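This report concerns only the one structure given below.
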Amino acid sequence: MVSGHTSLEAYRRVVIKIGSALLVDRSQGLKKQWLDAMCADIAALKRAGVDVLVVSSGAIALGRSVLSVPAGALKLEESQAAAAVGQIALARAWSEGLAGHAFVAGQILLTLGDTEERRRYLNARATIDQLLRLGAIPIINENDTVATSEIRYGDNDRLAARVATMVGADMLILLSDIDGLYTAPPHLDPNAEFLPQVPAITPEIEAMAGGAASELSRGGMRTKIDAGKIATGAGCAMIIASGKVEHPLRAVDNGARFSWFAPSASPVTARKTWIAGHLQPAGKISVDQGAEVALGSGKSLLPAGVTAVVGAFSRGDTVAILDVNGREIARGLAAYDADEARRIAGKKSGDIEAILGYAGRAAMIHRDDLVMSRARATA
């Protein structure tokens, strides 16, 4: 067993993400035998007193199978139609599979706005909490029937991390067609080394991520590392494990290989977790080295340290903060609209009233509305 990881039954609340290729076979459709084994694993955790949530991919892939849509890239409307059929089939499969173990499934379909907008985020969290209190198992997926490329999560790895932080989970399990993180994509580099433990997600760790490995998957190791940053920053441990075996959760407990990502020792507050987890910042603010050092020591972002402002954001929107090399180091809620931010960028806080015509806030982003999002590189 990996250091820091105990039996899954020791966790209070577990989110399990399941990739499309695990659930759906291109020619045969739903992998019912695998799903039944997965439901048995989930039921065992539930009986041990663990809250379990499932983020299940597979709606589009299953809908394609049911509709006999030929292989190849789908147009947006074809994906949405496949999802409409697949969501019903997927929900029925989970409902019937869990009913065999005397548990009730509840379907939740989320759009990007449900987690990016604060009020909708809190509403979704309340619904999920109520389902868990009633003993149900939430089966969560992106609502692909209405999502477009501009307003979507794009992968269920990051959606699962968002859900994990939303509900205060202490374990996120990403089941995929790869058994963990390697120093390079193993299918491309035969010398790639397996990493059983990841104490922190540094730029070096991020550089190891490759692209999508399966035609049924929209994600890849890149999105899994993104998910890890969201989850671990909120104090939630994460495991990447192979789901290609039957009873994958049992396999994790019985010593199967997986990568374990340590949760942050100082997780951010619930509000800052929401800020850090935004998948589509409304804009970008570049800062100089002095400002980067100040932010790292817990200070607010002052206009004097800003070198560039990109985007059309409004006051209160989430923006990404970039260092001198263009790498994201933090996210925060803007205290000014983009046009005003551009006007006061590089100026002293005492000059804001003369520039804008009113006495605004001294900080471009206050430290209470800001969270660091990148671990520092190792020496």
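A single entry from A354, A334, A330, A312 fulfils the requirement of being surrounded by fewer than 21 Cβ atoms within 10 Å (Cβ to Cβ), modelled with pLDDT under 95 and in contact with a helix residue (DSSP H, G or I) (Cβ under 8 Å, 6 or more places away or on another chain): A312. Mind listing just one residue for me: the one in the stretch 219-241 that is of a type outside the set (A, V, I, L, M, F, W, C) and in contact with a strand residue (DSSP E or B) (Cβ under 7 Å, 6 or more places away or on another chain) and, of those, nearest to W34 (Cα to Cα)? Only one residue tops the list, namely K224. Selection of helices (runs of 4 or more DSSP H) fully inside the stretch 99-205 by the criterion of at least 1 residues being farther than 27 Å from Y11 by Cβ returns 113-116, 118-133.
Considering (1) among the charged types (D, E, K, R); (2) modelled with pLDDT under 85; (3) buried (at least 17 other Cβ atoms within 10 Å of the Cβ), the lone condition that R162 does not fulfil carries the number (2). Only one entry of Q33, Q87 meets the criterion of being under 22 Å from A241 (Cα atoms), among the polar types (S, T, N, Q) and modelled with pLDDT of 90 or more, and that entry is Q33. Would you mind stating whether Q107 is surrounded by fewer than 21 Cβ atoms within 10 Å (Cβ to Cβ) and modelled with pLDDT of 90 or more? Judged against the criteria, Q107 is a match.
In the stretch 269-277, the condition of being surrounded by fewer than 18 Cβ atoms within 10 Å (Cβ to Cβ), part of a loop (DSSP other than H, G, I, E, B) and modelled with pLDDT under 90 is met by at least one residue.
Report, by residue number, each residue of the stretch 71-128 that is touching a strand residue (DSSP E or B) at 6+ places or on another chain (Cβ under 6 Å) and touching a residue at least 60 places away in the same chain (Cβ under 8 Å). Across the stretch 71-128, the qualifying residues are A93, F103, I128. Mind checking which residues of the stretch 8-25 are in contact with a helix residue (DSSP H, G or I) (Cβ under 7 Å, 6 or more places away or on another chain) and surrounded by fewer than 21 Cβ atoms within 10 Å (Cβ to Cβ)? If the condition is that a residue be in contact with a helix residue (DSSP H, G or I) (Cβ under 7 Å, 6 or more places away or on another chain) and surrounded by fewer than 21 Cβ atoms within 10 Å (Cβ to Cβ), then E9 is the only one that fits. What single numbered condition from (1) part of a strand (DSSP E or B); (2) buried (at least 19 other Cβ atoms within 10 Å of the Cβ) fails to hold for L295? Evaluating L295 over (1) part of a strand (DSSP E or B); (2) buried (at least 19 other Cβ atoms within 10 Å of the Cβ) leaves (1) as the failure. Residues to consider are G49, G72; find the one that is more than 23 Å from A231 (Cβ to Cβ) and not in a helix (DSSP H, G or I). Every option except G72 fails the conditions.
So for the stretch 336-351 (the condition being of a type in the set (G, A, S), farther than 15 Å from G290 by Cβ and touching a Leu at 6+ places or on another chain (Cβ under 6 Å)), does at least one residue qualify? Before you say what the answer is, go through the steps one by one.
Quick first cut of the stretch 336-351, residues of a type in the set (G, A, S) only: 338, 341, 345-346, 349-350.
Filter once more, keeping what is farther than 15 Å from G290 by Cβ: 338, 341, 350.
Keeping just the survivors that are touching a Leu at 6+ places or on another chain (Cβ under 6 Å) gives none.
The answer is no; no qualifying residue exists.
The values are calculated or read from the model by the stated rules, or taken from the named source; none is laboratory data. Every value quoted in this text rests on a predicted model; they were computed, and no experiment measured them. Cβ coordinates were reconstructed from backbone atoms using ideal geometry, including for glycine residues, and neighbour counts include every protein chain displayed.
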